[in-house]
1. Looking at this structure, is Tyr272 within 16 Å of the chain's Cα centre (by Cα) and open to solvent by less than 20 Å² (accessible area, probe 1.4 Å)?
2. Determine which single condition Lys8 fails, assuming it passes every other condition in (1) surrounded by fewer than 18 Cβ atoms within 10 Å (Cβ to Cβ); (2) within 24 Å of Thr145 (Cβ to Cβ); (3) of a type in the set (Lys, Arg).
3. Ser79 - would you say it is surrounded by 20 or more Cβ atoms within 10 Å (Cβ to Cβ), touching a residue at least 40 places away in the same chain (Cβ under 8 Å) and within 19 Å of Leu310 (Cα to Cα)?
4. Residue pairs, Cβ under 6 Å, 6 or more apart or interchain, first in segment 195-209 and among the polar types (S, T, N, Q), second open to solvent by 40 Å² or more (accessible area, probe 1.4 Å). List them.
5. Report yes if Phe29 is hydrophobic (A, V, I, L, M, F, W, C) and open to solvent by 40 Å² or more (accessible area, probe 1.4 Å), otherwise no.
6. Does any residue of segment 103-110 turn out to be open to solvent by 10 Å² or more (accessible area, probe 1.4 Å) and either at pLDDT 95 or above or under 24 Å from Val52 (Cα atoms) (or both)?
7. For segment 338-353, does any single residue satisfy the condition of being outside any helix (DSSP H, G or I), of a type outside the set (Val, Ile, Thr), out of contact with any Ser or Thr (no Cβ under 9 Å at 6 or more places or on another chain) and at pLDDT below 95?
8. Taking the residues in segment 367-376 that are under 11 Å from Phe202 (Cα atoms) and not hydrophobic (A, V, I, L, M, F, W, C) as candidates, determine which candidate is modelled with the highest pLDDT.
Amino acid sequence: MKPQNLLKSFNFLYFGMLAIFIPFLPIYFAEQGLTPGQIGFIMGTGGFVVIVAQPLWGMISDKTRTIRKVLLVLILCSSVIGYLLYDASSYFQLILFAMLLYFFLMPIDPLAESLNFTTAESLKISYGSIRTYGALGYAVVSLLTGYVMSYFGAHSLAVLFAGLGVVSFVVCWKMPDAPVSGKPVTLGSLKHFFRNKETLLFLLLVFICSVPARMNDTFLGVYIRELGGGAELLGQAWFLAAGSEIVVFALSYWWLRKGKELIIISIAAGFYFIRFFLAAWITDPHMLAYLQVLQMLTFPIFYSAAIQYLYRIVPVEWRATGQTVLALLFFGVSGIFASYIGGALYGAFGGQILYFSISVMSFSGLIFGLVLYRIYGRRAVSE
């Protein structure tokens with residue numbers, strides 16, 4: 001099988017595992033009797049674990065100059081721990097296995113994205129042609145998970161998660177490794193990366209846009225449940241969300257232009273605002289599920305442009321680590337704020353106020369993105 005086809009298969013399977021973990025973990029916790037505050041606490045604490053785990057595994061990948069072998073270790077550990085997590089019911093076990101899964105599963109995302117981007121460059125194909133299969137996997141498994149959870153119970157997710165993990169391990173075993181940079185890894189290049197003002201402002205923009213997105217990821221299922229929906233409807237919601245990404249990723253070669261990343265990110269932030277503002281007014285869980293189709297105008301546009309912008313400003317030999325920093329902000333640091341603050345807001349005021357709040361945050365991301373584009377964007381286009 002061609003390298004790009006193996007990588008596409010891995011994307012499908014890994015993002016399928018992520019679909020079981022991110023949107024359905026809060027529902028699984030709720031099924032075990034946890035409150036929104038407790039759910040926010042566990043997932044927020046998971047963000048601290050990600051802060052440690054993602055840089056650690058990114059550095060290991062850069063230092064050993066291999067992505068595939070690191071992925072094999074992470075997939076194997078994730079498969080075992082995921083089975084134990086979705087088979088657990090006591091509060092202590094839920095916390096323990098959730099933290100371990102954050103440690104092993106979440107660092108796969110930046111490494112996989114780095115592999116996607118590097119392989120696409122090497123084979124002279126579009127990044128979106130590979131990443132599309134990740135969106136497809138997320139969509140299909142989200143829909144499947146909702147039905148499995150509804151008909152076979154919450155603990156049935158243990159077998160589904162572990163099964164996907166085993167197959168993804170086999171596929172990863174057969175994949176070629178990523179082409180590595182000929183430049184040696186130096187601490188000085190990383191320091192230069194973080195000392196750059198443009199880089200720091202860009203990372204701040206990512207953080208501002210990520211917090212509301214992560215709040216939605218964490219509490220959408222809880223809100224749908226509050227409005228009268230169940231796991232089956234949540235699966236349909238994420239099927240629509242992830243399924244809508246497929247066309248956007250597939251056509252990224254057409255709309256993603258170098259030098260235009262900041263304005264593209266700003267546009268995505270504007271659609272985040274519209275999406276969350278509308279969600280605050282919806283009282284029908286089915287309408288809330290259908291609204292998730294706006295995902296096509298938010299996450300895939302935002303994340304693709306952010307990756308491309310990052311790869312233009314990060315030293316070549318630190319690309320995997322730079323990708324890790326981006327994912328760390330989106331899934332780690334922002335996840336902490338999203339879970340703790342979102343859990344407190346939800347517990348005190350309910351889902352409507354939560355969505356009003358995150359719509360305001362997204363609007364501030366739109367404004368900040370436009371400011372950065374005025375400063376750096378036009379210069380990038382002229383270079």
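1. yes
2. Only one criterion in (1) surrounded by fewer than 18 Cβ atoms within 10 Å (Cβ to Cβ); (2) within 24 Å of Thr145 (Cβ to Cβ); (3) of a type in the set (Lys, Arg) is unmet by Lys8, namely (1).
3. Working: surrounded by 20 or more Cβ atoms within 10 Å (Cβ to Cβ): yes; touching a residue at least 40 places away in the same chain (Cβ under 8 Å): yes; within 19 Å of Leu310 (Cα to Cα): no.
No; evaluated as a whole, the condition is false for this residue.
4. As it stands, the answer is Thr199/Ile313, since those pairs meet every condition given.
5. Considered against the rule, which asks whether it is hydrophobic (A, V, I, L, M, F, W, C) and open to solvent by 40 Å² or more (accessible area, probe 1.4 Å), Phe29 comes out as no.
6. Yes, the conditions are met somewhere in segment 103-110.
7. Checked segment 338-353: at least one residue is outside any helix (DSSP H, G or I), of a type outside the set (Val, Ile, Thr), out of contact with any Ser or Thr (no Cβ under 9 Å at 6 or more places or on another chain) and at pLDDT below 95.
8. By that ranking, first place goes to Gly369.
The values are calculated or read from the model by the stated rules, or taken from the named source; none is laboratory data. All values reported here derive from a predicted model rather than from experimental measurement. FYI the Cβ positions are ideal-geometry reconstructions off the backbone, even for glycines, and counts take in every protein chain you see. Side chains are part of the model used for accessible areas, which takes the heavy atoms of the whole protein and leaves out ligands, DNA and RNA. Shrake-Rupley method; radii C 1.70, N 1.55, O 1.52, S 1.80 Å.
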